1. Treat every Asp and Glu Cβ in the stretch 64-195 as -1 and every Lys and Arg Cβ as +1, leave all other atoms uncharged, and give the resulting dipole magnitude about the Cα centre to the nearest 20 debye.
2. So what's the net charge close to Q152: Lys and Arg +1, Asp and Glu -1, counting the other residues with Cβ under 10 Å from its Cβ?
3. Using amide H atoms built 1.01 Å from N in the peptide plane, name the residues 5+ places from R117, or on other chains, whose amide H lies under 5 Å from its own.
4. Taking K and R as +1 and D and E as -1, what net charge do the other residues with C-beta under 9 Å from the C-beta of Y208 add up to?
5. Once label points are set 7 Å from the Cα along Cα→Cβ at both D61 and A266, what is their separation, rounded to one decimal in nm?
6. Would you please give the residues with an amide H less than 5 Å from that of H37, counting only those at least 5 places away or on a separate chain, with H modeled from the backbone geometry?
7. Size of the dipole of the stretch 29-279 about the Cα centre, Lys and Arg at +1 and Asp and Glu at -1 on the beta carbon, nothing else charged, in debye to 20?
8. Multiplying the sequence separation of R180 and R96 by 0.36 nm and subtracting their Cα-Cα distance, what value in nm do you get?
Amino acid sequence: MNDRRRPTPATTDPFGGQFSQERASLSATTWPVLQWHGGLASLVGESDSMKITGGFFLEDDRILDLGLEPDEPVEGFERVALRLGGKLIAGWGASRLSLAFLYTDFCWEDRESGKLRFPAEEYERRKQQMPGSERELRGRTRALVAVDELMQAGVTEPLILSVRGTYSAALNAILRDGQRMATEATKLRQRAGHSGAIPREAFWVTIYAGRMSVVGEGSNTSRVSLPQAEIPLTLNRDFLIRALVDEPLRRPAGIFDQWAERYEEAWHEKMALDETVAEEEALSEEVELSYDPVY
C-alpha cells in the first residue's frame with residue numbers, strides 16, 4: 001500500500017493568489033534593543049531589597065520579541081519599571097551581563113537632535129577646520145551582541161546594544177580591552193604551535209554598572225553609572241580560557257558563523273550614515289537624572 005500523500009492541488013491554497021518571494025525567506029533586519037541606563041535611582045525592582053541605580057534595561061516589547069515572558073525574568077535579570085517623561089516603561093533590569101561582540105559601529109551625531117550622523121573622522125575634521133564646532137557632536141556606539149544570560153534561557157538571536165555620549169566612550173574602552181583579550185589569546189595559541197587568529201567574539205565580556213561618578217563639564221554635569229568590564233590589566237591563559245564562549249557558538253559553521261552569514265548585510269545597511277537613530281534607543285542619554293523613580 002502506498003501511503004504517500006498526493007501533492008495538494010495549487011487551487012486549494014487557503015490564501016489564494018501569488019505572493020512575491022523576494023523577502024519571504026529573509027531574516028529580520030532589526031534586532032531587540034538592549035539599553036544602558038545610568039540614572040540615579042530611576043530603576044527600582046519589585047523586590048524591596050533591590051534598588052537598581054544603573055545597568056542594562058530591556059523593555060517588555062523587546063522581551064516578547066525574544067520569545068520570553070516579561071513577568072518571568074530569567075536568571076540575571078530583575079523585573080523593573082522606569083518612568084520617562086511621565087510614561088511608565090516596564091521591563092527587565094540587570095546590573096551585570098556577559099556579552100560577546102559580533103559587530104560594532106561608531107559614529108558621531110549632532111548633539112541637539114541626535115538624528116544627523118557623521119563618520120568617525122568628523123570630530124577631528126571640525127576641530128581642525130571649524131574649531132569649537134566639534135562640541136556639537138556626540139558619539140554613538142552600537143554593537144550586535146550575544147547575551148550569555150539570555151542564551152542560557154533559550155534565546156537564539158542577537159540583540160543590538162546602543163549607547164551614546166559618555167556611555168559610548170566607556171563602551172569603546174571596553175571594546176578595546178575585548179580586542180586586547182583576542183590579541184593575547186592569539187599570541188598564546190601561536191606560541192603553542194597553532195595557526196589562526198582568535199576573534200573578539202570568542203570571549204564573554206562581563207559588563208557591570210560602575211559606581212556613580214560625575215560626568216560632563218561646567219554646569220552640565222550629572223552623576224551616572226558608567227559601564228565597566230571585568231578585564232584585568234594583565235591577561236593570563238586561565239582568565240582567557242574561563243572567558244571563552246561555549247564551543248557550539250565559536251566553532252566553524254557554529255552559531256556565530258550562522259549569525260554572521262545571516263545578518264552581515266543587514267548590519268551594514270542599518271549602520272549606513274543615512275540611517276536615523278531609532279527612537280527606542282533614546283534612554284542612553286548623557287544626563288539621566290530627570291527620570292523619576294518608580295517604587
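1. The dipole magnitude comes to about 700 debye.
2. -4
3. none
4. Residues close to Y208 contribute a combined charge of 0.
5. 1.8
6. Placed amide hydrogens put G55, F56, F57 under 5 Å from H37.
7. My answer is approximately 1120 debye.
8. 28.2 nm is the gain from fully extending R180 to R96.
We did not get these values from a lab; they are worked out from the coordinates using the rules stated. None of these values were measured; they are calculated from a predicted model. Cβ coordinates were reconstructed from backbone atoms using ideal geometry, including for glycine residues, and neighbour counts include every protein chain displayed.
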